[in-house]
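Let me begin by presenting the structure, written as structure tokens, before commenting on it.
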Amino acid sequence: MSARMLVLMGSGETSPTMTKTHREVLAAVGSSGPAVLIDTPFGFQENATDITERALSYFKRSTGARVEVASFRSAEAGSFEKERFVTQVRQAGWIFSGPGSPTYALELWKNVGLGEVLGEKLVSGGAIVFSSAASLTLGSLSVPVYEIYKVGAPPAWREGLGVLAGIGLDVAVIPHYDNAEGGNHDTRYCYLGERRLAMMEAQMAPGQWILGIDEHTALVADLDSGEARVTGRSSVVVRVAGTERRLPAGSEFSLDDLVAWGNATAQPAGGRPGTGHSPHGSTEPEAVGTLEEALTKAAAEFDRAIECRQATIASKVVIELEEALRSWDADTEQSDAASRGRSLLRSMIIRLGQAAEMSSADPRNALGPIVTLALEMRDAAREDRRYGEADRIRDALTSAGVEIRDTPQGTEWHLDSGTASSAPQP
């Protein structure tokens, strides 16, 4: 029997934050069965295929894993498609699912008995890695996020798959626990906020409690050893009747401890609300910044380099920013930040061109590395059929005084000043 693993992620499932966790879990289950991605939670979205492809690309690039798609996007699927989906999941050694709508996923999954299949997996062996919307479905209770936050439905639980009850966790899993997107209003607790969460807590049966997972954070449970740990950037939270115990990244504890904390009617000894407690010790979490942090850092360093006329350093900042954007490309929750990052990148290219024009030195020496990078980005965008992005890169280069020529031998460039400098792209 292969290793039995359960991983619950708060968000960032296809970002650099969770890469190390994915690698470790995939290594633990080995070749016990195919690795599959379930596309149901976002199956209703018009860009479902794009989300799937980006996730597959992330796993291949970041972990080397060959992941198959266990597709079940609509209730209109025929009997054969439904049975094929269930069979794929049953045979898998590693099962992943992530963002989308938890209620949409629940409706489809209950129809084919997926809860029972996943429960069997926790007994027979394999890894279940669920994040965001998918993780919301695994508990006894589930949050209808869109219905409450977007439509205005009264705060009330939906019945979950109940998979976690099989390992003693009679819980409601709440990812995005520390979400702060609201700015001037409370969007913690997966967009519920404190007021609505308190209303829903009052509806819970005795013995039920909340297992919160902060964003870019994971609870990794080894069911064979009975041990669990927290990875990523923040904390896992045990919340009982409004009282919280925080388990920060690096914490290690037993599943029995987790169950005991959740079943307690008062704050357990050794901790207080808002603090972490790790009876078996902890290690420092892996330092992985967010894309927002990368943008802020890049903008400041680029401004400093331009001000000090350090073209080489400025070019290095642009290259590092492009690498950061590429590494976060599969994380759909960072789409706004990625859009701002691409805009920042184009702005940097223009400013480098302007700085080179004002330099007494040969501007080709300053522009060469950044133009080469920009052309590589343009070629990649064209290969991916992102023609709008390719055109914007070309426009940015043109604004910087660089003329692009596409030839049978490759892409060449030269300066508008008439002093040619060409370099065919491989």
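The values are calculated or read from the model by the stated rules, or taken from the named source; none is laboratory data. Just so it is clear, the model here is predicted, and its values are computed rather than measured. No Cβ is skipped: glycine too gets one built from the backbone with ideal geometry, and neighbour counts run over all protein chains shown.
Brief remarks on what is shown
- Glu46 being acidic (Asp, Glu) and either outside any helix (DSSP H, G or I) or closer than 23 Å to Asn179 by Cβ (or both): yes
Listed here are the residues, each with its yes/no results for (1) in contact with a helix residue (DSSP H, G or I) (Cβ under 7 Å, 6 or more places away or on another chain); (2) over 17 Å from Gly262 (Cβ atoms); (3) of a type in the set (Lys, Arg).
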{"residue": "Thr187", "(1), (2), (3)": "yes, yes, no"}
{"residue": "Tyr191", "(1), (2), (3)": "yes, yes, no"}
{"residue": "Arg196", "(1), (2), (3)": "yes, yes, yes"}
{"residue": "Met200", "(1), (2), (3)": "no, no, no"}
{"residue": "Pro206", "(1), (2), (3)": "no, no, no"}
{"residue": "His216", "(1), (2), (3)": "yes, yes, no"}
{"residue": "Ala221", "(1), (2), (3)": "yes, no, no"}
{"residue": "Val236", "(1), (2), (3)": "no, no, no"}
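- Qualifying residue in segment 216-231 (condition: among the basic types (Lys, Arg) and under 26 Å from Leu122 (Cα atoms)): yes
- Residues of segment 121-150 satisfying the condition of being in a helix (DSSP H, G or I), closer than 15 Å to Tyr177 by Cβ and among the hydrophobic types (A, V, I, L, M, F, W, C): Ala133, Leu136, Val145
- Unique residue being at positive phi and either of a type in the set (A, V, I, L, M) or in contact with a Ser or Thr (Cβ under 6 Å, 6 or more places away or on another chain) (or both) when the list is Gly162, Gly113: Gly162
- In segment 296-329, the residue that is nearest to Ser62 (Cα to Cα) out of those that are surrounded by 15 or more Cβ atoms within 10 Å (Cβ to Cβ), of a type in the set (Gly, Ala, Ser) and free of Cβ contacts under 8 Å to residues at least 40 places away in the same chain is Ala324.
- For segment 172-185, the set of residues classified as over 22 Å from Gly113 (Cα atoms) and surrounded by 17 or more Cβ atoms within 10 Å (Cβ to Cβ) consists of Ile174, Pro175, His176, Tyr177, Asp178, Asn179, listed by residue number.
Each row is one residue, and each column tells you yes or no for (1) surrounded by 18 or more Cβ atoms within 10 Å (Cβ to Cβ); (2) of a type in the set (A, V, I, L, M); (3) under 24 Å from Met18 (Cβ atoms).
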residue	(1), (2), (3)
Pro206	no, no, no
Trp209	yes, no, no
Gly212	yes, no, yes
Glu227	no, no, yes
Leu247	yes, yes, yes
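- Residues that are under 12 Å from Ser327 (Cα atoms) and surrounded by fewer than 24 Cβ atoms within 10 Å (Cβ to Cβ), drawn from segment 16-26: Pro16, Thr19
- Matching option when the condition is among the charged types (D, E, K, R) and closer than 20 Å to Leu136 by Cα, among Arg54, Arg90, Arg73: Arg73
- Selection of segment 58-106 for residues being over 24 Å from the mean Cα position of the chain (by Cα), part of a helix (DSSP H, G or I) and among the charged types (D, E, K, R) yields Glu81, Lys82, Glu83, Arg84, Arg90.
- Residues located in segment 140-171, provided they are surrounded by fewer than 16 Cβ atoms within 10 Å (Cβ to Cβ), hydrophobic (A, V, I, L, M, F, W, C) and closer than 30 Å to Asp256 by Cα: Ala156
- Residue check for Val117: surrounded by fewer than 23 Cβ atoms within 10 Å (Cβ to Cβ), more than 23 Å from Tyr177 (Cβ to Cβ), under 17 Å from the mean Cα position of the chain (by Cα) and modelled with pLDDT of 95 or more: no
- Of the residues contained in segment 355-371, one or more are found to be touching a helix residue (DSSP H, G or I) at 6+ places or on another chain (Cβ under 9 Å), at pLDDT 70 or above, crowded, with 22+ Cβ neighbours inside 10 Å and part of a helix (DSSP H, G or I).
- Among (1) in contact (Cβ under 8 Å) with a residue 40 or more places away in the chain; (2) among the small types (Gly, Ala, Ser); (3) in contact with a strand residue (DSSP E or B) (Cβ under 7 Å, 6 or more places away or on another chain) - the single one Ala172 does not satisfy: (1)
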